[in-house]
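The values are calculated or read from the model by the stated rules, or taken from the named source; none is laboratory data. The shown structure was predicted, so the numbers you read here are calculated from the model rather than taken from an experiment. FYI the Cβ positions are ideal-geometry reconstructions off the backbone, even for glycines, and counts take in every protein chain you see.
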Ligand SMILES: [Zn+2]
């Protein structure tokens, strides 16, 4: 029986799909961005400090060449993929066993021995150069196991029975067609292992939110199945709070980074507990808060787990899967940042509902990119993010009023710039002005004045 290895896109795999699901706009990293990362990743011995820094280098190219699914059937392997640029000839496949072939996609190869893994290099040649990406062919079964630590509370469940979803927010109802996962759909990683990883994520993210989260989101969340789109989504308003995903995310290669992204929506949109962002920052300008935070949180969580030196009791293979998933999604962040730099329209925090694309995409990714870059410089995501959240958690009714004014780009921009400046204890106004963000000194001072023991705001740093 053929087993599907990587859940990539059917089409050219360098693209970014934006999936609108409920009230959430989510980004799916596609397999193309994973390619190339496989070899570059540091060895997964957890003694090694994990860093996203190598993948944040803005000079790295965005691959147009991408690998989609790797399908293994006995000793025979099929690799799907595509290239949005125009190669001048067939792709070169180096199969890792000494054999090379040239062809288009789908390419296939039969290995003489299937007792170890292979790294396949695929090269495209263009008029002005070439591009190479890699994929792993996995013959050796992975050990996705964990030893649950008692310090990690039981919070996230993949229920085995149908779960009715109520609502904690007037006007918001869960979509139709959300069901529970069947046992057979959780093929590669046991249910309790996925639940435990999400419990670990929940525990870390609760701390990142300074535990200022509604009781519902803090105590029990469920993972449910949806098949109406290929993506993941957050039902932050549901009771119980739910994250939904396509079965692809829980079979084969687990989409851990995306699951942690939705978990972050569920917590940050239910924070602060007394005046949650969900329902306040919605509408065409929702992404600049919700997607920025979800992007930062998913990578902060993976960074925390991978540098926890065994504290959570996750197997090496599980850590490797988390790492690959995180690298895949950070490369999407970097790609969006590069596009932001190249886009003359630049900063926008308003997503026009009359256009098919989300105009804020590259902007919120640029905020997330900037956060991750600064966090990597300090090798610390947790402390700055907790501080950033502390300022954001001062959000009040007067802020909501200004936030929701369509033209008020400077309010929305300055809110984030002030929060991140406070987070890193570093005045980031000039850095963001260079990125053409409209930053108001007056608003900046207003936000910072809310924080006691506030940072010195006199010395701008580039
Ligand atoms: Zn999202």
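Within the range 244-300, the set of residues being in a helix (DSSP H, G or I), surrounded by 24 or more Cβ atoms within 10 Å (Cβ to Cβ) and more than 14 Å from the ligand (Cβ to nearest atom) comprises 256, 300. Would you confirm whether or not the range 173-195 contains a residue that is within 16 Å of the ligand (Cβ to nearest atom) and at negative phi? Yes: the range 173-195 contains one or more residues that are within 16 Å of the ligand (Cβ to nearest atom) and at negative phi. Within the range 301-328, which residues are surrounded by fewer than 24 Cβ atoms within 10 Å (Cβ to Cβ) and within 16 Å of the ligand (Cβ to nearest atom)? Residue satisfying the conditions is 325 alone. Flag: residue 14 does not match the condition of being more than 16 Å from the ligand (Cβ to nearest atom), modelled with pLDDT of 50 or more and either farther than 25 Å from residue 188 by Cα or in a loop (DSSP other than H, G, I, E, B) (or both).
Kindly evaluate residue 37 against the criterion of being modelled with pLDDT under 90, within 16 Å of the ligand (Cβ to nearest atom) and surrounded by 15 or more Cβ atoms within 10 Å (Cβ to Cβ).
Working: modelled with pLDDT under 90: yes; within 16 Å of the ligand (Cβ to nearest atom): no; surrounded by 15 or more Cβ atoms within 10 Å (Cβ to Cβ): yes.
No, not satisfied.
Those helices (runs of 4 or more DSSP H) of the range 339-443 in which at least 2 residues are surrounded by 22 or more Cβ atoms within 10 Å (Cβ to Cβ), considering only elements entirely within it, cover 361-378, 382-392, 409-424.
Table: residues versus (1) touching a strand residue (DSSP E or B) at 6+ places or on another chain (Cβ under 8 Å); (2) at pLDDT below 80; (3) surrounded by fewer than 18 Cβ atoms within 10 Å (Cβ to Cβ).
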position	(1), (2), (3)
10	yes, yes, yes
29	no, yes, no
45	no, yes, yes
50	no, no, no
62	no, yes, yes
66	yes, no, no
77	yes, no, no
91	yes, no, no
106	yes, no, yes
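Go through the range 387-409 and give me each residue that's in contact with a helix residue (DSSP H, G or I) (Cβ under 6 Å, 6 or more places away or on another chain) and more than 14 Å from residue 349 (Cβ to Cβ). Selection gives 387, 388, 391, 392. Within the range 207-234, being within 14 Å of the ligand (Cβ to nearest atom) and within 26 Å of residue 381 (Cα to Cα) holds for 232, 233, 234.
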